[in-house]
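**Q** Quick one: the structure is below, questions incoming.
The values are calculated or read from the model by the stated rules, or taken from the named source; none is laboratory data. Predicted model, so just to flag it, every value in this text is computed and none were measured. Neighbour counts run over all protein chains shown; Cβ positions are idealised from the backbone, glycine included. Please note that ligands, DNA and RNA were not included when accessible areas were found on the heavy atoms of the full protein model with its side chains. Shrake-Rupley method; radii C 1.70, N 1.55, O 1.52, S 1.80 Å.
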Amino acid sequence: MGKGGGVQQLKMIPKVDKVLEWPAVRALLECHPRPLVLKALRVVLDELRAAALKGALAQDAFGEAALVTALTRELERLQAPSLRRVINGSGIVIHTNLGRSILPEPARQALNNIAFCYSNLEFDLALGERGSRYSHVESLICELTGAEAAIVVNNNAAAVLLALTALANGREAVVSRGELVEIGGSFRIPDVMRLSGVTLKEVGTTNRTHPKDYRGAVTPETALFLKVHCSNFAVVGFTAEVSAAELVALGAECGVPVLADMGSGNLVDFTGKLPCEEPTVQEFVRAGVDVITFSGDKLLGGPQAGIIVGKKSFIEPMKKHQLLRALRMDKLTLASLEATLALYRDELTALREIPTLRMLTIPYPELAERARRLMRQLRRRIPAALSLTLVEGFSQAGGGTLPLLNLPTLLIEVRREGLSPNDIETALRGFRVPVIGRISKGGFLLDPRTLLESDLADLAAALTSLA
Ligand SMILES: *Cc1c(COP(=O)(O)O)cnc(C)c1O
């Protein structure tokens with residue numbers, strides 16, 4: 001149809017006042033706020049106008065039935081929450097874009113207990129007077145890590161900021177050139193140091209730093225030796241790093257305390273469970289590191305939080321620091337963190353109950369069996385036009401942790417005649433419960449490692465929508 005047809009069609013679009021009189025729309029006004037209905041109606045009519053201008057609409061597109069259907073759908077879209085559950089089929093366990101770690105089951109009860117009731121958040125029940133929110137997890141963290149004192153803030157970035165500000169503001173901190181890292185989301189060690197009012201003294205080279213480099217950098221202005229976990233990259237080949245224990249010895253020799261940003265915050269010994277080495281917080285405490293910071297939602301597998309542990313004389317000033325108020329964690333985080341940490345009292349319980357740890361350490365035969373079972377379950381629920389096949393591949397830890405770790409997995413490849421892997425990816429991402437997979441070697445793949453038992457029905461529905 002030509003331009004004339006388009007203008008002709010424009011005339012057929014009903015007026016807003018008219019539409020609001022229709023019984024079906026009056027019914028919508030009964031159960032939705034009027035401004036919202038008007039907003040949705042404008043969107044629908046604008047779309048209709050745009051389509052009409054192209055002259056590409058069928059007669060019944062302007063009718064009451066079609067319009068009310070479109071209006072109802074738009075109202076649903078406007079009222080749907082922006083933050084939604086998705087199905088993680090990417091195989092990236094600590095997926096930063098998908099919420100990093102998911103909480104262990106006991107955290108559900110803890111959240112339920114605290115979120116909808118009053119609590120003793122800042123009330124000392126024994127003394128009947130004001131208490132501290134930081135007291136709830138301190139002794140548990142000390143018990144688990146062997147540290148003298150602990151404090152928890154909003155995230156590890158905040159923990160580093162607070163520790164640097166409280167311990168070295170207006171003075172210098174010495175850092176190896178191999179550890180001046182940028183974490184995703186533009187957290188850069190040199191920038192955080194500047195923000196904390198700490199002068200950065202770089203020592204060594206990108207690949208090799210020696211004790212003498214630190215020693216040579218000490219001046220009367222030196223407040224800290226800072227050690228930073230490389231997190232999302234690795235230096236391999238001709239390398240030399242000063243270990244935490246060596247740095248502690250150097251610190252004792254020079255009268256300089258040691259601060260370590262451990263990044264992901266690992267509390268379990270992965271020997272025999274993961275083909276990689278990751279230092280534990282306990283090791284660093286035992287080595288005598290004065291202050292250690294780490295995340296709550298990376299390898300620890302809890303809520304977003306920044307945990308600071310260390311010697312009392314260094315943690316106490318942080319508890320009194322003005323900055324703490326701006327970085328403080330809320331009660332829901334505290335509740336779910338306490339529930340997560342409690343699982344670490346028994347390492348096997350932690351490995352079994354904390355999803356992040358369970359997904360990372362599940363033995364391959366078990367994972368492969370799960371992939372086969374999942375495929376059988378899906379086949380029963382989806383149309384025959386979809387083909388599912390198992391292919392070998394690898395999963396990743398993600399979240400800027402264990403960057404060299406490639407965990408063998410058995411992936412489910414999804415194919416549909418007439419759809420490219422990109423088409424499948426787009427359609428599944430747009431489903432009511434979005435499904436996130438990955439495209440590799442020309443196929444669309446789902447990794448059972450990060451899929452949950454509770455994902456099955458929605459995953460099947462999403463796949464069915466492809467056929
Ligand atoms: C991830 C990370 C951070 C930031 O931690 P958040 O909890 O994301 O704020 C800081 N330092 C290192 C070394 C990290 O790996």
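**Q** Expressed as a whole number of Å, what is the distance separating the alpha-carbon centroids of the range 21-55 and the range 336-379?
**A** Each part's Cα centre sits 47 Å from the other's.
**Q** I would also like to ask the following. Holding the Cα-Cα limit at 29 Å, pick out from 201/320; 212/319; 298/319; 15/54 the pairs that are longer than that.
**A** Numbers: 201/320 27 Å; 212/319 34 Å; 298/319 24 Å; 15/54 20 Å.
Violating the 29 Å Cα-Cα cut-off are 212/319.
**Q** What would the Debye equation give as log₁₀ I(q)/I(0) for the range 105-352 at q = 0.08, 0.14, 0.15, 0.17 Å⁻¹, counting only Cα atoms as equal point scatterers?
**A** Log10 I(q)/I(0), no solvent term: -0.31, -0.92, -1.05, -1.32.
**Q** Follow-up. Highest mean first, how do 6-14, 263-271 rank when packing is the count of other Cβ atoms within 10 Å averaged over residues?
**A** The packing order, highest mean first, is 263-271, 6-14.
**Q** Using the alpha carbon gyration tensor of the range 79-233, what are the three equivalent-ellipsoid semi-axes (square root of 5 times each eigenvalue), largest first, in whole Å?
**A** Three semi-axes, in Å: 36, 25, 14.
**Q** Could you give the dipole magnitude of the range 3-79 about its Cα centre, charging the beta-carbon of Lys and Arg +1 and that of Asp and Glu -1, in debye to the nearest 20?
**A** That gives the range 3-79 a dipole magnitude of about 300 debye.
**Q** Explain nothing, just the number: dipole magnitude of the range 82-191 about its Cα centre with +1 on each Lys and Arg Cβ and -1 on each Asp and Glu Cβ, in debye rounded to the nearest 20.
**A** Computed charge dipole of the range 82-191: roughly 520 debye.
**Q** Go through 57, 440, 400 and say which Cα lies farthest out towards the positive end of the charge dipole of the chain; charges sit on Cβ, +1 for Lys and Arg, -1 for Asp and Glu.
**A** The residue sitting farthest along the positive end of the dipole is 57.
**Q** What length, rounded to one decimal in nm, is gained on full extension from residue 26 through to residue 85, with 0.36 nm per residue of separation minus their alpha-carbon distance?
**A** 18.0 nm
**Q** How large is the dipole of the chain about the Cα centre if only Lys and Arg carry +1 and Asp and Glu carry -1, each at its Cβ, rounded to the nearest 20 debye?
**A** About 1580 debye.
**Q** Please report, in Å, the Rg and the Dmax of the range 3-79, where both are computed over Cα atoms only.
**A** When restricted to Cα atoms, the range 3-79 yields Rg and Dmax of 12.5, 40 Å.
**Q** Next question. Measure off, as a whole percent, the carbon and sulfur share of the 1.4 Å-probe accessible area of the range 195-332, all protein chains present. Present the calculation step by step, with values, prior to reporting the outcome.
**A** Working: 3260 of 5960 Å².
Of all accessible area on the range 195-332, carbon and sulfur atoms account for 55 percent.
**Q** Which whole-Hz ³J(HN,Hα) couplings does the range 332-346 yield from phi under the Karplus relation 6.51 cos²θ - 1.76 cosθ + 1.60, θ = phi - 60°, glycine and proline marked x?
**A** Here the 3J(HN,Hα) series is 5, 4, 4, 5, 6, 5, 4, 5, 5, 4, 4, 5, 6, 4, 10 Hz.
**Q** With every protein chain kept in place and ligands, DNA and RNA left out, what is the accessible area per residue of the chain? Probe 1.4 Å, answer in Å². Intermediate results must be reported in sequence, preceding the final value.
**A** Details: 22920 Å² over 467 residues.
Per-residue value: 49 Å².
**Q** I need the peptides 55-63, 330-338, 132-140 ranked by packing, meaning the mean over residues of other C-beta atoms within 10 angstrom, with the highest value on top.
**A** 330-338, 132-140, 55-63
**Q** Top to bottom by accessible area (1.4 Å), largest first, where do 312, 15, 227 land? Please report the intermediate quantities before stating the final value.
**A** Numbers: 312 110, 15 140, 227 15 Å².
From most exposed to least exposed: 15, 312, 227.
**Q** With Cβ to Cβ distances under 14 Å as the rule, what net charge do the other residues near residue 260 carry (K, R +1; D, E -1)?
**A** Within the 14 Å Cβ shell, the charges total -4.
**Q** Calculate for the chain the 222 nm mean residue ellipticity that helices alone would give, adding -39,500 (n - 2.57) per DSSP H run of length 4 or more and normalising by residue count, nearest 500 deg cm²/dmol.
**A** -12500 deg cm²/dmol
**Q** Still on this structure: Could you tell me which of 223, 235, 459 has its Cα farthest along the dipole of the chain towards the positive end, charges placed at Cβ (Lys, Arg +1; Asp, Glu -1), taken about the Cα centre?
**A** 459
**Q** For the range 261-270, take each phi angle, set θ = phi - 60°, evaluate the Karplus expression 6.51 cos²θ - 1.76 cosθ + 1.60, and give the result in whole Hz per residue in order, putting x for glycine and proline.
**A** Calculated HN-Hα couplings, in order: 8, 7, x, 7, x, 9, 10, 10, 7, 8 Hz.
**Q** Could you tell me the calculated FRET efficiency between residue 118 and residue 325, based on Cβ-Cβ distance and R0 = 30 angstrom, to the nearest 0.05?
**A** Details: r = 22 Å, r/R0 = 0.72.
E between residue 118 and residue 325, to the nearest 0.05, is 0.90.
**Q** Take peptides 215-222, 68-75 and line them up by average Cβ neighbours within 10 Å, highest first, as a rough protection proxy. Numbers along the way, then the final one.
**A** On the way: 215-222: 14.1, 68-75: 17.2.
Per-residue Cβ counts within 10 Å, averaged per peptide and sorted highest first, yield 68-75, 215-222.
**Q** Okay, next question. Over the chain, what per residue volume does the convex hull of the Cα atoms give, in whole Å³?
**A** 215 Å³
**Q** Taking the dipole about the Cα centre of the chain, with the C-beta of Lys and Arg at +1 and of Asp and Glu at -1, give me whichever of 294, 412, 386 is farthest to the positive side.
**A** Checking the options against the dipole of the chain, the answer is 386.
**Q** Tell me, what ³J(HN,Hα) does each residue in the range 191-206 have, in order and in whole Hz, if you take phi through Karplus 6.51 cos²θ - 1.76 cosθ + 1.60 with θ = phi - 60° and put x for Gly and Pro?
**A** Rounded to whole hertz, the list is 5, 5, 5, 4, 4, 7, x, 10, 7, 7, 10, 7, 9, x, 10, 4.
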